[in-house]
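K.L.:
To start, I am sharing the structure in question, which I have written as structure tokens.
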Amino acid sequence: MQIFNRVRLRELRIQRQISAKTFAVQIGCSAGYLSDIENGKRKPSPRLIARMVKALNIRADELYLDPDAGKDPIKARIIEILDALPESARAEALAAIARIAEGLGRISEEFRKGP
């Protein structure tokens with residue numbers, strides 16, 4: 001299971017000398033919402049994470065704690081493919097992956113509810 005790494009998000013933002021207010025504008029949310037994410041009060045959506053990845057110019061896996069990531073050949077292959085893409089295509093691919101993840105989440109939720 002992947003867990004969003006809020007501490008890593010803040011570290012990356014600070015390393016790049018981006019203020020919370022500027023970063024919030026870049027990713028399309030309020031500074032207060034970003035603060036809540038960085039302080040563990042809220043969880044970002046897959047789409048917002050994709051925008052964070054694009055703004056920070058990083059791989060998506062850099063924002064997750066996932067001790068089993070290296071053991072999963074599918075995840076490893078996706079990361080490999082994303083890393084090989086040009087930046088403009090990577091952002092588009094991450095947005096598509098975020099949409100797929102949201103859809104799968106809704107399907108999973110409906111499945112758990114039952115008929």
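K.L.:
Listed highest first by mean packing, meaning other Cβ atoms within 10 Å per residue, what order do 43-56, 99-112, 5-18 come in?
P.N.:
43-56, 5-18, 99-112
K.L.:
Right, next: So who's got an amide H within less than 5 Å of the one on residue 64, skipping anything under 5 residues away but keeping other chains? H placed 1.01 Å off N, in plane.
P.N.:
5
K.L.:
Given 0.36 nm per residue, what is the gain on full extension from residue 17 to residue 108 after removing their alpha carbon distance, in nm?
P.N.:
28.9 nm
K.L.:
State the label only: which of [x] 123; [y] 100; [z] 191 corresponds to volume of the Cα convex hull per residue in Å³ computed from the shown model?
P.N.:
For volume of the Cα convex hull per residue in Å³, the calculated option is [x].
K.L.:
Something else about it: Among the lysines, which fall within straight-line cross-link reach of residue 21, defined as a Cα-Cα distance under 25 Å, with same-chain neighbours fewer than 8 residues apart omitted?
P.N.:
Excluding near neighbours in sequence, the set is 41, 43, 54.
K.L.:
When the helices in the chain are scored as -39500 (n - 2.57) per DSSP H run of 4 or longer and the sum is shared across all residues, what 222 nm value do you end up with, to the nearest 500 deg cm²/dmol?
P.N.:
Mean residue ellipticity, 222 nm, calculated: -21000 deg cm²/dmol.
None of the figures in this text is laboratory data; all of them are computed from the coordinates on show. Everything numeric here is computed off the predicted structure, so don't read it as measured data. Glycine also receives a Cβ, built like all others from the backbone with ideal geometry; neighbour counts cover every protein chain displayed.
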